[in-house]
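Here is the structure we will look at, set down as structure tokens.
The values are calculated or read from the model by the stated rules, or taken from the named source; none is laboratory data. The structure displayed is predicted, hence computed values, not measured ones. Note that we place each Cβ from the backbone using ideal geometry, even for glycine, and neighbour counts take in every protein chain shown. Note: areas computed on protein heavy atoms with side chains; ligands, DNA, RNA excluded. Shrake-Rupley method; radii C 1.70, N 1.55, O 1.52, S 1.80 Å.
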Amino acid sequence: MLHRFAVVALLVVFIASCSTSKKTVKSDRVEENLDTLEVTVSRDNPYRGSATKYFDLINTRLEVKFDYQKQYLFGKATITLKPHFYPQTELVLDAKGFDIHQVSLVTGEGTSEALHYTYDSLQLNIRLSKTYTRDQTLKIFIDYTAKPNERKSGGSAAIADDKGLYFINPLGTDSSKPTQIWTQGETESNSCWFPTIDKPNQKSTDEIYITHLKKYVSLSNGVLVSSTSINDSMVTDYWKMDLPHAPYLFMMAVGDFAIVHDRWRDVPVNYYVEKDYAPYAKQIFGNTPQMIEFFSQKLGFDYPWPKYSQIVVRDYVSGAMENTSATLHGEFLQRTSRELLDRTNEEVISHELFHQWFGDLVTTESWSNTPLNESFATYGEYLWHEYKYGREFADFKFRDEYRNYMNEAKNGKNVDLIRFHYDDREDMFDSHSYAKGGQVLHYLRKCVGDDAFFKSLELYLKNNQFKSVEIHNLRLAFEEVTGRDMNWFFNEWFLNSGHPVLDIKYAYTADSIFVTIDQKQNTEKGLIYQLPFTVAVWHGATANTYDFTLSKKSQTFAIASATKPDLLDFDPERALLCERKDNKTTAEYVYEYEHGTYFGEQLEGLRRMAELEKDSAIAKTILAEALHDKFFYLREFALGKLELSKTNNDSLLAVIEQLAKTDKESRVRKAAIDKLGESSEPAKYTALFEAAIGDSSYEVDAAALKALHSADAKKSMELAKKMEHEKNSDIVNAVADVYSKEGDATYQDFFERELNASLGFGKFSMLYYYANFLTRMDKSIVLSGIKSLEQQGMNGDNRHITGAAKGSLKRISKWFDDQKKTLKKELAEEQDKTAKISLQEKLNDYDLIIGEADDALNRLNAKSEGKKN
């Protein structure tokens, strides 16, 4: 699963009262920074091993139909299974929030025997009529009604809800969204819509008969065997998956989707999108067949399933989900041709596709081993980027994973990658399992070499296909291929917490180079890393590399050299996940940027220039030179870091102006416009900003509108008024930003309309801007706005929306409290009686606003606590 958390962010929305996220959620340029908590994992928590297997699932046959009015599913399940090893006299199935109508043993064709059962709303305990041994198979029939909206749901910072089955706009009363049904099974939520043994170490084939309105289409795992008309309005689709997969990977979806067909070899590849996006489906997903071929070749194991479909749904509770042969995506993936110019979300598509091998074909046996699913899917993103767009681009994108993990680690979460003592299984879906795990796999690849790495993955897949695994299955595959004992690596990186913290010093004396490395990480556990690494030695334009292994707390390595090198660089590929401190000089950092082979080296050199810019002429020069760098991100980075003084900037501003007009990368044009908007004389670029409104990129278009406000506020307001009905989120956010800076009550209707129309993660930015807007309004509008924010939090699709509403209320309360402190000082100094009365009235208004905001916040907190409990 991808809890994206992902793509790229424009706006930071601070959310109060959420637990630490597994990753930062990024969707449609909105980044959700959840409040950070100190996280410790107590060994007092129960040991979280694999579920005991009393029975093995063999086949699951479901017949389902729906009541849209009540949002019920009427189901009939026939479950084929047998005891795993020991004889059994009772069967326990997960079945959450059902009405159970019948439980029976299927004794023959058309015959059955009623079975006694007890049910506690979570598990169905069935007493069997005899003792069954591991050589005997039994079929259990269950007639039930699933009522997902009537059970208390939970969720986590990563997966916002766990109802399992979702009815979207079931009665068609919301004209802004289609009517849909879809499911979300990970971690153990599919048992909210069918009875099963809802554990990742179970595998079953399945058959699903979905009865639905003819005007809709359905999707499930496997292939569509038949579609049978029931009457003029209803049809039953029969989906069949002949290959075993885990219950949490079962899925279905029903709705008014366009199906766009594609192929990989002889395997159908289909894209289910809303009909308005059918013309763009192959632009959104069109690289999928190439991805499948690349991964099949790279892994030495062909895509294993009979088809691959991808479907985009509304109001999804996370980012995307790798259901076997039928990946489900959130609505942020639907984009027009123009929107795709800014971002394609191929990392999402490649992540979920790589799961079809790592997670679906070979599945973690317990949530403690979640990195065997998620770390690989994260690394699948890197592999695709490396293949399709080159090493530099892949390294650039992978830096996000490094930052995600380090942010989580520095905010207090310090846990083993494979961990058996978590509080809740949802805790496993964090930046350790995703970001750190992906980085560790990359380092493992460097340690053993490409050939051994991919040969080991091939062996791992072939040995464990259609099975459940733990981390040692992966280790054994690497040991068999390489002939090496790999315990040291897996113990350090997968079965331990933290990361190396290295102090690196370079020296040259006479005819030798010395590299001294001290391990500075917390060594309370006594962990001293064994770290294979490379040192690059630069003389002129040539670099030689030398391989070593660090195995002590402090160690010095010598390299013969007749002359002093221009640069020494530890781990030039930046393959090692670590914190590092080097004793490089400014000249060496300049050299590193100008000559470095790898993206990480160049970025490090440029980052150092940004740190030195205020006091270093050479740093200013290098940052200016970087505006012409061949790699777009380094141009963008330099634009963001350049400090524009009030004098002697004409030549630099001319370069930035040219980038704003002509750079081929939209994100560079945007960064250049942002920089010009921050300049001391933005009015000089009014014509440029106006011209950029209408750029091929929505992102640039939006940046230009914001920059224009700093140059000509009146003109920007006029243009914002014309653009406020645009559907693109970048434009809507830009209009909201401009309106939020003006004290005009007439824009209240815009914010109220957009808050009600925005969907899913799109609400985050609007809540943020609305709070900013309200701080400029009078008492009546602020009080009305506080009620709207509370309503948004109460009615939010998930806990993240509630958190965003809370964050907005907190900011309003704090802003007026700060104003109140200033006002009190004025009141104390004011001598005029009339003026004092006016100030006191304003203070009373502020007290009322603060009180109402705090009361609304308390009610939302009570809602959150009630849902949690």
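General observations
- The residues in the stretch 558-596 that are open to solvent by less than 20 Å² (accessible area, probe 1.4 Å) and over 27 Å from Tyr402 (Cα atoms) can be counted, and the count is 3.
- Only one of Ser808, Ser780, Ser788 that is open to solvent by 70 Å² or more (accessible area, probe 1.4 Å) and among the small types (Gly, Ala, Ser): Ser780
- For the condition touching a residue at least 24 places away in the same chain (Cβ under 8 Å) and either surrounded by fewer than 24 Cβ atoms within 10 Å (Cβ to Cβ) or part of a loop (DSSP other than H, G, I, E, B) (or both), Glu426 qualifies.
- Scope the stretch 486-517; condition open to solvent by less than 30 Å² (accessible area, probe 1.4 Å) and of a type in the set (Gly, Ala, Ser); matching residues: Ser497, Gly498, Ser512
- Of all residues in the stretch 58-77 being more than 15 Å from Leu124 (Cα to Cα) and of a type in the set (D, E, K, R), the one that is least open to solvent (accessible area, probe 1.4 Å): Asp67
- Total residues in the stretch 78-124, condition surrounded by 18 or more Cβ atoms within 10 Å (Cβ to Cβ) and free of Cβ contacts under 8 Å to residues at least 24 places away in the same chain: 1
- Residues within the stretch 125-143 that are open to solvent by less than 20 Å² (accessible area, probe 1.4 Å) and under 12 Å from Ile58 (Cα atoms), tallied: 2
- Lone unmet requirement of (1) open to solvent by less than 60 Å² (accessible area, probe 1.4 Å); (2) of a type in the set (S, T, N, Q); (3) without any contact (Cβ under 8 Å) to a residue 40 or more places away in the chain; (4) over 28 Å from Arg445 (Cβ atoms) for Gln602: (4)
- Filtered residues of the stretch 212-239 (kept if among the hydrophobic types (A, V, I, L, M, F, W, C), in a loop (DSSP other than H, G, I, E, B) and touching a Gly at 6+ places or on another chain (Cβ under 7 Å)): none
- Out of Ser813, Ser765, sole residue that is under 30 Å from Val317 (Cβ atoms), under 26 Å from the mean Cα position of the chain (by Cα) and open to solvent by less than 80 Å² (accessible area, probe 1.4 Å): Ser765
- Number of positions in the stretch 647-695 that are open to solvent by 50 Å² or more (accessible area, probe 1.4 Å), of a type in the set (S, T, N, Q) and under 37 Å from the mean Cα position of the chain (by Cα): 2
- Cβ-Cβ distances below 6 Å connect no pair with a first residue in the stretch 363-387 that is farther than 17 Å from Lys199 by Cα, a second residue that is open to solvent by 10 Å² or more (accessible area, probe 1.4 Å) and aliphatic (A, V, I, L, M), and a separation of six or more residues or different chains.
- In the stretch 290-306, the residues that are open to solvent by 10 Å² or more (accessible area, probe 1.4 Å) and more than 25 Å from Tyr389 (Cβ to Cβ): Pro304, Pro306
Yes/no matrix, rows are residues, columns are (1) in contact with a Gly (Cβ under 7 Å, 6 or more places away or on another chain); (2) farther than 20 Å from Met251 by Cβ; (3) open to solvent by 10 Å² or more (accessible area, probe 1.4 Å):
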site	(1), (2), (3)
Glu347	no, yes, yes
Ser350	yes, no, no
Phe354	yes, no, no
Asp360	no, no, no
Asn369	no, yes, no
Glu374	yes, no, no
Ala377	yes, no, no
Leu383	no, yes, no
Tyr389	no, yes, yes
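- Residue in the stretch 493-512 that is of a type in the set (Lys, Arg) and within 32 Å of the chain's Cα centre (by Cα) present: no
- Restricting the stretch 704-736 to residues that are of a type outside the set (A, V, I, L, M, F, W, C) and open to solvent by less than 20 Å² (accessible area, probe 1.4 Å), the residue that is nearest to Ser176 (Cα to Cα) is Asn728.
- Hits in the stretch 397-423 - residues which are open to solvent by 20 Å² or more (accessible area, probe 1.4 Å), in a helix (DSSP H, G or I) and either among the β-branched types (Val, Ile, Thr) or more than 27 Å from Gln184 (Cβ to Cβ) (or both): Arg399, Tyr402, Arg403, Ala409, Lys410
- Sub-6 Å Cβ pairs linking a first residue in the stretch 227-238 that is more than 20 Å from Leu62 (Cβ to Cβ) to a second residue that is not aliphatic (A, V, I, L, M), at least 6 apart or interchain, are Ser233/Lys214, ordered by first then second residue.
- Scoring Ser218 on the criteria (1) closer than 24 Å to Gln69 by Cβ; (2) out of contact with any strand residue (DSSP E or B) (no Cβ under 7 Å at 6 or more places or on another chain) leaves a single failure, condition (2).
- Residues in the stretch 825-850 that are under 30 Å from Ala804 (Cα atoms) and either among the β-branched types (Val, Ile, Thr) or surrounded by 13 or more Cβ atoms within 10 Å (Cβ to Cβ) (or both): Lys842, Leu843, Asp845, Tyr846, Asp847, Leu848, Ile849, Ile850.
- Ala394 surrounded by fewer than 24 Cβ atoms within 10 Å (Cβ to Cβ), hydrophobic (A, V, I, L, M, F, W, C) and touching a Phe, Trp or Tyr at 6+ places or on another chain (Cβ under 6 Å): yes
- Applying the criterion of being open to solvent by 10 Å² or more (accessible area, probe 1.4 Å) and outside any helix (DSSP H, G or I) to the residues of the stretch 429-469, the residue that is farthest from Asn201 (Cα to Cα) is Gly449.
Okay, residues lined up against (1) assigned to a helix (DSSP H, G or I); (2) touching a residue at least 12 places away in the same chain (Cβ under 8 Å); (3) under 30 Å from Asp276 (Cα atoms):
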| residue | (1), (2), (3) |
| --- | --- |
| Lys721 | yes, no, yes |
| His725 | no, no, yes |
| Asn733 | yes, yes, yes |
| Tyr747 | yes, yes, yes |
| Phe764 | yes, yes, yes |
| Ser780 | yes, no, no |
| Leu789 | yes, yes, no |
| Lys814 | yes, no, no |
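- 1 or more residues in contact with a Gly (Cβ under 7 Å, 6 or more places away or on another chain): qualifying strands (runs of 3 or more DSSP E) within the stretch 106-157: 138-146
- Selection count where residues are part of a helix (DSSP H, G or I), of a type outside the set (A, V, I, L, M) and either at positive phi or open to solvent by 50 Å² or more (accessible area, probe 1.4 Å) (or both), scope the stretch 474-485: 1
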